[in-house]
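The values are calculated or read from the model by the stated rules, or taken from the named source; none is laboratory data. What you see is a predicted model; the values in this text were computed from it and never measured. With ideal geometry, Cβ positions are generated from the backbone for all residues, glycine too; neighbour counts draw on all protein chains shown.
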């Protein structure tokens, strides 16, 4: 029985597979911490094949961050379409709120795209990354304004809140306000840990350290003329011993 012929995958399909794998890997380790070999292995191709489709790792990273911004844009467009069709949640008052709710859901259910956004901002020391991120962010602002018809102040508030949602989602919390329960819990935990650690100069630390001239320190130091001290003196070099005997030091 002959083996079934292997299905040939086109370069365009492989490119899409590599970008999807890059989204996953770069989201976890960033631009500089991700070896291209890991992305190649995830797709099942050799590393040289990756560079036949992408000139460099940076180009692959740019393709991944482009995919991330495209996904956010598609999320906004779908949310507004659902709102216009009357299928938005009952508490959704307008198109801007519909986009905000959909974006929050995206951050909670797809951590790859969440962390990729953070990695994209972190890599902005690179001029090409910074230029691409700025351009795609500006396009998102324009898209949100076009879809919602909101004024500049409302759009500013929308994106400020979106940035806060990103940080909160990365930390695994619901909100970043000072009155949040998790903030109090974290501070209480830090105070408890500090109270449990011995302070420098405390009685506990002093009890653990032998005092100068104490019996413990005396027991640890060999006495002059003891067998241990005699053994240690034998390790001196013969030349040094001769110099001492002849009175020639230095």
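Among all residue pairs at least 6 apart or on different chains, which show Cβ distances below 7 Å where the first residue, located in segment 87-112, is closer than 12 Å to residue 161 by Cβ and the second is outside any helix (DSSP H, G or I) and at pLDDT 95 or above?
Listed pairs, sorted by first residue: 96/150.
Give the residues of segment 151-174 that are closer than 21 Å to residue 121 by Cβ and either assigned to a loop (DSSP other than H, G, I, E, B) or over 23 Å from the mean Cα position of the chain (by Cα) (or both), sorted by residue number. Explain how you work it out, then say what you get.
So in segment 151-174, the residues closer than 21 Å to residue 121 by Cβ come out as 155-173.
Matches in segment 151-174: 155, 156, 157, 158, 172, 173.
What number of residues within segment 160-175 satisfy the criterion of being in contact with a helix residue (DSSP H, G or I) (Cβ under 7 Å, 6 or more places away or on another chain) and surrounded by 14 or more Cβ atoms within 10 Å (Cβ to Cβ)?
7
Tell me, which residue of segment 41-51 that is in a helix (DSSP H, G or I) and touching a residue at least 12 places away in the same chain (Cβ under 8 Å) is surrounded by the fewest Cβ atoms within 10 Å (Cβ to Cβ)?
In this case the residue turns out to be 49.
Six or more apart or on different chains, Cβ under 6 Å: which pairs go from a residue in segment 146-173 that's on the phi < 0 side of the Ramachandran plot and touching a residue at least 60 places away in the same chain (Cβ under 8 Å) to one that's part of a helix (DSSP H, G or I) and surrounded by fewer than 18 Cβ atoms within 10 Å (Cβ to Cβ)? Could you list them?
165/104
Quick one: residue 146 ticks every box in (1) at pLDDT 95 or above; (2) touching a helix residue (DSSP H, G or I) at 6+ places or on another chain (Cβ under 9 Å); (3) surrounded by fewer than 17 Cβ atoms within 10 Å (Cβ to Cβ); (4) outside any loop (DSSP other than H, G, I, E, B) bar one, so which box is it?
All conditions pass for residue 146, except number (2).
When you go through (1) under 19 Å from residue 143 (Cβ atoms); (2) under 32 Å from the mean Cα position of the chain (by Cα); (3) buried (at least 19 other Cβ atoms within 10 Å of the Cβ) one by one for residue 104, which number turns out not to apply?
The number of the failed condition is (3).
Inspect all residues belonging to segment 54-70 and state whether any of them is assigned to a helix (DSSP H, G or I), without any contact (Cβ under 8 Å) to a residue 24 or more places away in the chain and under 21 Å from residue 140 (Cβ atoms).
Yes; the residues of segment 54-70 include at least one that is assigned to a helix (DSSP H, G or I), without any contact (Cβ under 8 Å) to a residue 24 or more places away in the chain and under 21 Å from residue 140 (Cβ atoms).
Taking the residues in segment 16-40 that are within 13 Å of the chain's Cα centre (by Cα) and within 16 Å of residue 56 (Cα to Cα) as candidates, determine which candidate is surrounded by the fewest Cβ atoms within 10 Å (Cβ to Cβ).
33
Which numbered condition trips up residue 9, out of (1) over 27 Å from the mean Cα position of the chain (by Cα); (2) part of a helix (DSSP H, G or I); (3) surrounded by 12 or more Cβ atoms within 10 Å (Cβ to Cβ)?
So the condition that residue 9 fails would be (2).
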